[in-house]
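K.L.:
Here it is: the structure, laid out below.
Derivation of every value follows stated rules applied to the coordinates shown; laboratory data play no part. Note that the coordinates shown come from a computational prediction; the quantities given were computed from them, not determined experimentally. So basically every Cβ, Gly included, is an ideal-geometry build from the backbone, and we count neighbours across all protein chains shown.
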There are 2 protein chains.
Amino acid sequence: MAKRHTISLKAVYGFNALSRISGLFSGRGFSIDSISFGDAEEPETSRVTITTSGDERIIEQITFQLEKLVDVVEVKDLTYVPHVERELALVKVGCSMANRSEIMQIANVFRAKVIDISPESMTLEITGSRDKVDASITMLEPYGLREVARTGTVALPREYQPKD
Amino acid sequence: MAKRHTISLKAVYGFNALSRISGLFSGRGFSIDSISFGDAEEPETSRVTITTSGDERIIEQITFQLEKLVDVVEVKDLTYVPHVERELALVKVGCSMANRSEIMQIANVFRAKVIDISPESMTLEITGSRDKVDASITMLEPYGLREVARTGTVALPREYQPKD
C-alpha cells in the first residue's frame, strides 16, 4: 500500500544536488508531495526534506538511488523512527467586515497569525504538521483562497529513540 | 550589486516543473539560496518560491527563462513589491540541565517553541523572516547545533500596494 514517507538528506551545498535529486524523481516517474531545501547545521551543507508516497519496494529503490547521487552525503527515511515534522503556509483569504471575526476565530483555533489585512482580504501564517495545515486550509476555503504558498515539510528525528 | 531576490512562481502540479526549474539554475550556474515547493491555491497547481542573488541583469535573465519553461504558469519577482516573507526552521541544539534555561530564554525572545527535549538536547521550532531565523541560529550556535532543517522562504504580495 502507498504510504507517505518523509526522507531527509544532507548534500554538499550548492544547487547541483537539488537538480540531480529532482531529475532522479522526474526521470523515474517517482511522485513527490513536497520538497524543502535550505542550509543544514554544518557550513557548506544543505538539508533537503522530501515527502513522497509509494509502496515499500519503490521507496527502497528511491533511497538507494538517492544515496548513490554525487553531492548527497546522507539519506534517512524518517517514516519509521519517532520524529517531529512541521510545515508553514501563508494563506491569503478573501474577507469582508461581515465575516472577518469568523476567520479570526478559525485562525485562533489553529493558532495561526494574521500577518496582513486589507478591506477585502487577510493573510494568515499557519505552522504545524501537514495534516493541521491541510485542515486549516479546508476551513478557510469557503471564504475564497486568493493565494497560498506552502513550504515543504521539514523533519528531524526525536532525540529519544525507543530501543526495541 | 548582487541583491537578494524572492521569485514566486506557479506551475502545473507535478514534479517535472521542479526538475526543469532546478535544471535551469544549475545548467546556467545561477545560484539559489533556498527553494520551497508545495501546493498552491488552485487544485493541480504548485507554488515554488526561490530566493536567489545576482545583479539586475542576471535576475532579469532568470525570470525571462523561467517564464519560458514548460509547466510554468506565472513568474513574479516580489523583491520590489511590498510582500510578506516567512520561513521555518527546526533546530536541535545540545544542552544540559545547567544551560537549559539559557536556551529557553533565547527561545522566548525569538518566540520559538520547544517541540522536543531530552537530557542532552532540545529541538526548537522557529518561524519568521530569513534574518530572524539566521539571528536565532547564530544565538544557538555556541550550544552546539546538532541538526538543522530549514524550509525555504515562502512569500506572498501584500494586498495593499502603493500607487506611485
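K.L.:
How many Cβ atoms of partner chains, on average, are near each residue of B:22-30 if near means within 10 Å of its Cβ?
P.N.:
Values: counts 12, 7, 1, 4, 9, 2, 0, 2, 1.
Average per residue, whole number: 4.
K.L.:
Same structure, new question: Got the relative contact order for region B:3-81 handy, in percent, Cα pairs under 8 Å and 6 or more residues apart? Walk me through the numbers before you get to the answer.
P.N.:
On the way: 134 pairs, mean separation 37.7, N = 79.
This gives 48 percent for region B:3-81.
K.L.:
Here is a follow-up. Within the set B:Lys3/B:Lys163; B:Lys3/B:Lys76; A:Lys132/B:Lys113, which residue pairs have Cα atoms separated by over 19 Å?
P.N.:
Numbers: B:Lys3/B:Lys163 24 Å; B:Lys3/B:Lys76 16 Å; A:Lys132/B:Lys113 17 Å.
Over 19 Å apart, Cα to Cα: B:Lys3/B:Lys163.
K.L.:
Excluding residues fewer than 8 places away in the same chain, name every one of the aspartates and glutamates whose C-alpha is closer than 14 Å to that of B:Lys68.
P.N.:
In chain and number order, the partners are B:Glu60.
K.L.:
Still on this structure: Every other copy gets compared here: list the nm distances from the B:Asp55 label point (7 Å along Cα to Cβ) to its counterparts, shortest first, one decimal.
P.N.:
Sorted ascending, the copy-to-copy spacings read 5.6 nm.
K.L.:
In percent, what relative contact order does region A:12-141 have, based on Cα pairs under 8 Å that are 6 or more apart in sequence? Walk me through the intermediate numbers first.
P.N.:
Numbers: 154 pairs, mean separation 24.7, N = 130.
Dividing the mean separation by the residue count of region A:12-141 yields 19 percent.
K.L.:
Could you check the spin-label model distance between A:Glu42 and B:Ser129? Points 7 Å from the Cα along Cα→Cβ, value in nm.
P.N.:
3.2
K.L.:
When the helix-only estimate is applied to the protein assembly as shown (DSSP H runs of n ≥ 4, each -39,500 (n - 2.57), divided by the residue count), what is the mean residue ellipticity at 222 nm, nearest 500 deg cm²/dmol? Could you put the intermediate results ahead of the total?
P.N.:
Working: 8 runs with 96 residues, N = 328.
It lands at -9000 deg cm²/dmol.
K.L.:
Under the Karplus relation 6.51 cos²θ - 1.76 cosθ + 1.60, θ = phi - 60°, what is the ordered set of whole-Hz ³J(HN,Hα) values for region A:87-99, x standing for Gly and Pro?
P.N.:
9, 10, 9, 9, 10, 9, 10, x, 7, 10, 3, 5, 10
K.L.:
Sort B:Glu147, A:Glu141 so that the residue with the fewest other Cβ atoms within 10 Å of its own Cβ comes first and the one with the most comes last.
P.N.:
Values: B:Glu147 18, A:Glu141 13.
So the residues, fewest neighbours to most, are A:Glu141, B:Glu147.
K.L.:
Amide H of B:Ile32 versus every other amide H placed in the peptide plane: which residues, excluding those fewer than 5 positions away on the same chain, fall under 5 Å?
P.N.:
So B:Ile32 has HN proximity to A:Phe15.
K.L.:
Report, in degrees rounded to the nearest 10, the 0 to 90 angle that the Cα long axis of helix B:15-28 makes with the longest principal axis of chain B.
P.N.:
Rounded to the nearest ten degrees, it is 90.
K.L.:
Given points 7 Å out from each Cα along the Cα-Cβ axis, report the A:Glu120 to B:Glu56 separation in nanometres with one decimal.
P.N.:
3.1
K.L.:
Using the eigenvalues of the Cα gyration tensor, what equivalent ellipsoid semi-axes result for chain B when each is taken as the square root of five times the eigenvalue, whole Å, largest first?
P.N.:
Working: eigenvalues 237, 58, 48 Å².
They are 34, 17, 16 Å, listed largest first.
K.L.:
What average number of partner chain Cβ atoms lie no more than 10 Å from the Cβ of the residues making up B:74-81? Walk me through the numbers before you get to the answer.
P.N.:
Working: counts 0, 0, 0, 0, 0, 0, 0, 0.
Mean partner shielding for this stretch: 0.
K.L.:
Still on this structure, I have one more. In terms of modelled amide H atoms, which long-range or inter-chain residues lie less than 5 Å from the amide H of A:Ser129?
P.N.:
A:Glu87
K.L.:
Moving on. To the nearest whole number, what is the average tally of beta carbon atoms from other chains within 10 Å of the beta carbons of peptide A:37-46? Please list the in-between numbers first.
P.N.:
Working: counts 12, 16, 9, 5, 12, 2, 0, 0, 1, 4.
For this peptide, the per-residue mean of nearby foreign Cβ atoms is 6.
K.L.:
Here's another thing I want to ask about it. Let's test this: bin the Cα-Cα distances of region A:3-81 at 5 Å from zero up to the farthest pair and state each bin's percent.
P.N.:
It works out to 3, 16, 31, 28, 15, 6, 1, in whole percents.
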